[in-house]
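First up is the structure itself, then whatever we jot down about it.
The values are calculated or read from the model by the stated rules, or taken from the named source; none is laboratory data. Keep in mind the model is a prediction, meaning the values are calculated, not measured. Here the Cβ is made from the backbone with ideal geometry for all residues, glycine too, and neighbour counts use every protein chain on show.
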Amino acid sequence: MRLTRYFLPVLKETPAEAKIVSHRLMLRAGMIRQASAGIYSWLPLGYKVLRKIEAIVHQEQQRAGAIPVLMPTIQSADLWRRSGRYEAYGPEMLRITDRHGREMLYGPTNEEQITEMFQAYCGSWRDLPKNLYHIQWKFRDEVRPRFGIMRGREFLMKDAYSFDLDREGATRSYNQMLVAYLRTFERLGLKAVPMRAESGPIGGDLAHEFLILAETGESEVFLDRDLVELSLGERAIDYDDAAQLQEIFDQWTGSYARTDDTHDQALFEAQVPEARRVTARGIEVGHIFYFGTKYSEPLGATVTTREGDKVAVHSGSYGIGVSRLVGAIIEASHDDKGIVWPESVTPFQAGLVNLKQGDAATDAACEALYGKLAAAGLEVLYDDRDVRAGAKFATMELIGLPWRLTVGPRGLKSGTVELTARRGGATEELSPEAAVARLAQIYRGL
Ligand code: 5CA
């Protein structure tokens with residue numbers, strides 16, 4: 001993409017209304033525009049990142065056995081009356097009346113809708129287990145929408161719903177999602193830790209929230225240093241192997257206890273030696289719930305067991321804040337010049353800076369390199385504007401592309417271009433071919 005043809009409305013000034021760094025940087029880098037309180041348009045650069053995060057979430061959900069569907073945003077109030085949540089959900093729910101006077105709502109979550117769909121088609125133990133998910137916009141009329149897309153009113157969520165015959169099956173489904181989340185967040189370059197949590201209006205007796213550690217996190221957390229260092233890495237996961245899933249669950253949530261301010265500080269201190277205690281702040285990017293038969297009973301989601309008995313299915317729901325993740329990644333990865341994207345979600349894989357726009361030889365070298373990068377399958381933003389080099393560097397740093405190629409007359413004399421890492425700023429001089437090969441290698445498999 002040539003910058004002169006793109007739509008990248010970067011701001012020089014820091015917007016006064018933005019209180020946290022991700023919100024400031026998203027506005028300055030031209031990623032989002034507020035449409036009304038807590039409701040945003042995604043500008044091209046922001047939309048690209050959102051789509052990349054979405055793609056990783058899709059991949060990891062399907063690897064874990066979840067099946068993609070798409071449910072509507074608008075739901076019928078009657079369905080929610082059947083589960084008893086229509087009144088209980090309170091003013092956070094956006095209630096709408098259609099032209100026939102029928103009460104509708106903009107879905108804040110989809111437990112009712114999916115359970116209704118499940119019970120319409122599934123009636124036997126043979127239909128189980130099932131895990132269906134979608135990535136769809138939600139609306140919650142938050143009292144205080146703030147921090148940009150981090151706490152929006154309209155936001156994009158991945159929500160998965162599992163159906164099992166009994167608690168044992170549901171535990172396996174729960175663990176599948178827990179492990180899928182660990183993988184998803186690792187691929188996004190985030191350190192996420194699962195924490196035992198309250199289930200709130202979703203209900204149920206087992207829930208974990210996934211917190212990513214960042215200075216600006218909303219909640220204070222106390223954790224075991226060993227947990228911060230834990231990683232799945234390249235570990236091969238077999239999502240059909242309940243024992244392996246349980247082992248990972250135990251490893252991440254078990255005896256290395258940690259707590260936030262809603263939990264028992266004394267218990268934490270009893271379990272974790274002082275030398276290993278870490279205090280940090282966390283941003284909630286995911287939340288998983290096991291709620292037994294809370295929705296299946298009132299909505300009639302029953303199956304016939306092998307023995308011929310009729311039982312309500314055990315279910316769970318599993319959310320990821322897809323749009324919130326864009327901000328969370330920035331909170332976790334930025335410096336005083338701007339964003340530092342992890343390679344897995346960067347809007348462009350590299351930036352190309354022409355130091356002497358209008359100089360025939362430099363322009364030709366840039367064009368040739370741009371062509372080679374495209375041929376290698378790399379997504380490049382070519383800054384072909386007729387502005388000072390300093391302004392080009394500042395834009396590249398602000399928008400956070402992990403790699404920058406710089407082409408100027410001096411390097412061209414010796415047949416080289418510069419390849420600079422956004423993180424750390426190290427620069428190498430390479431032939432254009434070697435630079436393309438390096439980048440292709442970095443992005444291989446991502
Ligand atoms: N039905 C369950 C799981 S599918 C559910 O709704 N869970 S939730 O309420 O915890 O939301 C799931 C995730 O959505 C949260 O972990 C958070 O990352 C994200 N989220 C929730 N509210 C907002 C909001 N107002 N703005 C942005 N993201 C949000």
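Data for the structure
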quantity: Residue identified as within 13 Å of the ligand (Cβ to nearest atom) and free of Cβ contacts under 8 Å to residues at least 12 places away in the same chain among Arg126, Arg81, Arg99, Arg144; calculated: Arg144
quantity: Search result, residues across the range 299-341 that are within 14 Å of the ligand (Cβ to nearest atom), out of contact with any strand residue (DSSP E or B) (no Cβ under 6 Å at 6 or more places or on another chain) and of a type in the set (Val, Ile, Thr); calculated: Val326, Ile329
quantity: Cβ pairs under 7 Å, 6+ apart, first in the range 298-322 and free of Cβ contacts under 8 Å to residues at least 40 places away in the same chain, second assigned to a strand (DSSP E or B); calculated: Lys310/Thr302; Lys310/Thr304; Ala312/Thr302
quantity: Some residue of the range 47-56 being of a type in the set (Phe, Trp, Tyr) and within 20 Å of Ala170 (Cβ to Cβ); calculated: no
quantity: Filtered residues of the range 1-41 (kept if within 18 Å of the chain's Cα centre (by Cα) and without any contact (Cβ under 8 Å) to a residue 12 or more places away in the chain); calculated: Ser41
quantity: Any chance Ala170 is free of Cβ contacts under 8 Å to residues at least 12 places away in the same chain and either hydrophobic (A, V, I, L, M, F, W, C) or assigned to a helix (DSSP H, G or I) (or both); calculated: no
quantity: From Leu132, Leu165, Leu156, residue being near the ligand (Cβ under 10 Å from one of its atoms) and at pLDDT 95 or above; calculated: Leu156
quantity: Residue match in the range 18-37 (condition: touching a Leu at 6+ places or on another chain (Cβ under 7 Å), closer than 11 Å to Ile399 by Cβ and surrounded by fewer than 18 Cβ atoms within 10 Å (Cβ to Cβ)); calculated: no
quantity: Enumerated strands (runs of 3 or more DSSP E) restricted to the range 186-291, each holding at least 2 residues that are within 16 Å of the ligand (Cβ to nearest atom) and hydrophobic (A, V, I, L, M, F, W, C); calculated: 192-196, 206-213
quantity: Meets criteria (buried (at least 21 other Cβ atoms within 10 Å of the Cβ), assigned by TED's automatic domain parsing to the domain that holds Phe249, acidic (Asp, Glu) and near the ligand (Cβ under 10 Å from one of its atoms)) for Glu112; calculated: no
